[in-house]
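The values are calculated or read from the model by the stated rules, or taken from the named source; none is laboratory data. This one's a predicted model, so the numbers in the text were calculated from it and none came from an experiment. So basically every Cβ, Gly included, is an ideal-geometry build from the backbone, and we count neighbours across all protein chains shown.
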Amino acid sequence: MEEESEINLESYIPDRLCGIEIGDVLTFRPLLEIHRDNKSRLIALSWNTQMDELYGKEIVINDSIMLNIDRKIPCICQMDGWSISLSMLEFKDKKEEQKEKKETMADDKINFSIVRDIDKKIIDEMISKVDYKRLKKLMLIGSDGNASDEQTHSFLQEWAHAKYDFYLLLGRNLLIETDMEAEMSRDEMRNLVEEKLFKKFPHHYAILSRFDMIEFIENKITRGNIELSTYCGDMYKLNKKLSKFISEYCQDKDLNDSLANVLGNRKIISKVAISIDPYDYMTMSLNNHRWSSCQKIGEGEWATAPLSLMIDSTTMIGFKYSGEDVKYKYHNYEFMGNSKTWRECVYYDRDTSSVIFSRQYPDEINSVSELLRKMIEDIVSEYLGVKNIWKIKHNKSEEFYEEGSQLLYHDVAQGAGTNCLIVNKECSDKPHFVVGKDYNCLSCGKHVDSSGQYFLCYDCSDEEYDDEEDDEEEDE
């Protein structure tokens, strides 16, 4: 507090409140401005997302408040249990003048912001749609059993306020999706090949297993194999149909029939979705298709990431799945949910409605990413009533990207994989994306300042990790 007072001492009364006196009516500044200044540590006493409910309320300057101002006390008054500072406020009349000015300029400049005033009833509506029991299990997994009901409810509140504008954008839904006929992913094909070919024809496994799943998907020899090229002669050639090579090499009619069945089912109907459901953040790298990333809850090197992305005001999750829920048993917890065959993080700048589509996992599937991009372009254009015309830039997002937390791996900032930025052609403002948000340790309550295996600080996570290692040694 002393440090904040020293920093703001010379500019204790902001320029916008110059000449403040008893009887003046103040109101809270736009939430977007407050959140921006709070991130830059320009809000004395700081601002909590739960304080967003104060927006629209008024404060009349009386003798007591004026005395605090004269004494340059950071807290000029209390409202609904929160400490209020001048850095949070502006003149009510000035706010109305700005609103009138904005309305008169509306014809000159298109407003691409999706930021809206918070309605508590809609916040409650959002929370009511979340599968709380399932989320609690995932929070327990992510925190190594430390998540309490109080903490889970608190994070749900923070999530709802952070994703509020996205909820409205998605038509007051946690998730929207569309059907897509597409070729199987590598993992989907592997499941089919193992079931229909490896297990059924174990005597051909040695040759079948030499081919990558992409070669089965494309029915083409594309990767090249030195041994096969050396010993099979003209029978084995790049770009030759895989089915033809296997037929000539194995000379097994039953195998040919089974392979034809596999190749005939390469295209399947899947769902492509965009989501703000807490479940989809928690399972962004958890699935039943045998792929994962360093941000897998309870195990990954950056397992702190899902919760950080769940409570920021920028990230949505795009993914592809079968359309059906599956059963999980993970870290001794059982739950039902979708299993993602493909996923990418979607970063949305709420001021300009510009969007970054981040790295794709586990593979790049352009047809899926293009469909997801078109879904968002259509949604945004309809929601804002603007033309559906967009500029697309590939791998040029770094200059607009800010790391909001060190609890996740920033693919865009690190240049990992590929990314895509879209900006509406009629938007002249520069986009800005702040990705990730810090939180406190679910065990001791201290600030989590480094990545790790759980939603815990280094000390708590390290202690639990050592215990787990000892248990594993005893089991062996």
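A count restricted to segment 311-344 and to residues that are of a type in the set (A, V, I, L, M, F, W, C) and within 24 Å of LEU31 (Cβ to Cβ) stands at 3. Against the numbered list (1) under 43 Å from the mean Cα position of the chain (by Cα); (2) hydrophobic (A, V, I, L, M, F, W, C); (3) over 30 Å from ILE317 (Cβ atoms), LEU228 comes up short only at (1). Counting only residues that are more than 13 Å from the chain's Cα centre (by Cα), among the aliphatic types (A, V, I, L, M) and part of a loop (DSSP other than H, G, I, E, B), which one in segment 271-309 is nearest to VAL193 (Cα to Cα)? Residue satisfying both the conditions and the ranking: LEU286. With a requirement of 1 or more residues that are over 30 Å from GLU377 (Cα atoms) and outside the structural domain of ARG290 (by TED's automatic domain parsing), the helices (runs of 4 or more DSSP H) lying completely within segment 135-219 that satisfy it span 186-193, 205-208, 213-218.
Residue-by-condition table, conditions (1) closer than 30 Å to PHE112 by Cα; (2) out of contact with any Ser or Thr (no Cβ under 7 Å at 6 or more places or on another chain); (3) of a type in the set (Phe, Trp, Tyr):
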site: ALA160; (1), (2), (3): yes, yes, no
site: ASP165; (1), (2), (3): yes, yes, no
site: ARG172; (1), (2), (3): yes, yes, no
site: GLU188; (1), (2), (3): no, no, no
site: GLU195; (1), (2), (3): no, yes, no
site: HIS204; (1), (2), (3): no, yes, no
site: ILE207; (1), (2), (3): no, yes, no
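In segment 8-60, of all residues being touching a strand residue (DSSP E or B) at 6+ places or on another chain (Cβ under 6 Å) and part of a helix (DSSP H, G or I), the one that is farthest from ILE118 (Cα to Cα) corresponds to ARG16.
Where strands (runs of 3 or more DSSP E) sit wholly within segment 319-404, those with at least 3 residues that are of a type in the set (Ser, Thr, Tyr) and assigned by TED's automatic domain parsing to the domain that holds HIS289 occupy 354-361.
Among the residues of segment 229-285, those identified as under 30 Å from LYS327 (Cβ atoms) and among the hydroxyl-bearing types (Ser, Thr, Tyr) are SER258, SER270, SER275, TYR279, TYR281, THR283, SER285.
Of the numbered criteria (1) touching a residue at least 24 places away in the same chain (Cβ under 8 Å); (2) surrounded by fewer than 21 Cβ atoms within 10 Å (Cβ to Cβ), the one GLY445 fails is (1). Counting the residues of segment 116-128 that are surrounded by 13 or more Cβ atoms within 10 Å (Cβ to Cβ) and not in a helix (DSSP H, G or I) gives 2. I'd like to check something: does segment 237-256 contain any residue that is in a loop (DSSP other than H, G, I, E, B), in contact with a Leu (Cβ under 8 Å, 6 or more places away or on another chain) and over 23 Å from ASP363 (Cα atoms)? No: zero hits.
Among SER258, SER247, SER229, SER275, which is assigned by TED's automatic domain parsing to the domain that holds TYR321 and either modelled with pLDDT under 95 or among the small types (Gly, Ala, Ser) (or both)?
Only one candidate qualifies: SER275.
Considering only segment 225-264, how many residues are within 20 Å of ILE214 (Cβ to Cβ), loosely packed, with under 12 Cβ neighbours inside 10 Å and not hydrophobic (A, V, I, L, M, F, W, C)? Within segment 225-264, residues that are within 20 Å of ILE214 (Cβ to Cβ), loosely packed, with under 12 Cβ neighbours inside 10 Å and not hydrophobic (A, V, I, L, M, F, W, C) number 3.
Looking across segment 220-236, the residues that are outside any helix (DSSP H, G or I) and out of contact with any Asp or Glu (no Cβ under 8 Å at 6 or more places or on another chain) come down to LYS220, GLY224, ASN225, CYS232, TYR236. Residue selection: ASP312 satisfies the criterion of being assigned to a loop (DSSP other than H, G, I, E, B) and either without any contact (Cβ under 8 Å) to a residue 12 or more places away in the chain or under 13 Å from the mean Cα position of the chain (by Cα) (or both). Among the residues here, SER85 does not qualify as at pLDDT below 85, under 36 Å from the mean Cα position of the chain (by Cα), surrounded by 13 or more Cβ atoms within 10 Å (Cβ to Cβ) and hydroxyl-bearing (Ser, Thr, Tyr).
Across segment 410-437, the number of residues qualifying as assigned to a loop (DSSP other than H, G, I, E, B) and among the polar types (S, T, N, Q) comes to 3. When the residues of segment 25-44 are filtered to those that are of a type in the set (A, V, I, L, M) and surrounded by fewer than 20 Cβ atoms within 10 Å (Cβ to Cβ), the one that is farthest from SER405 (Cα to Cα) is VAL25.
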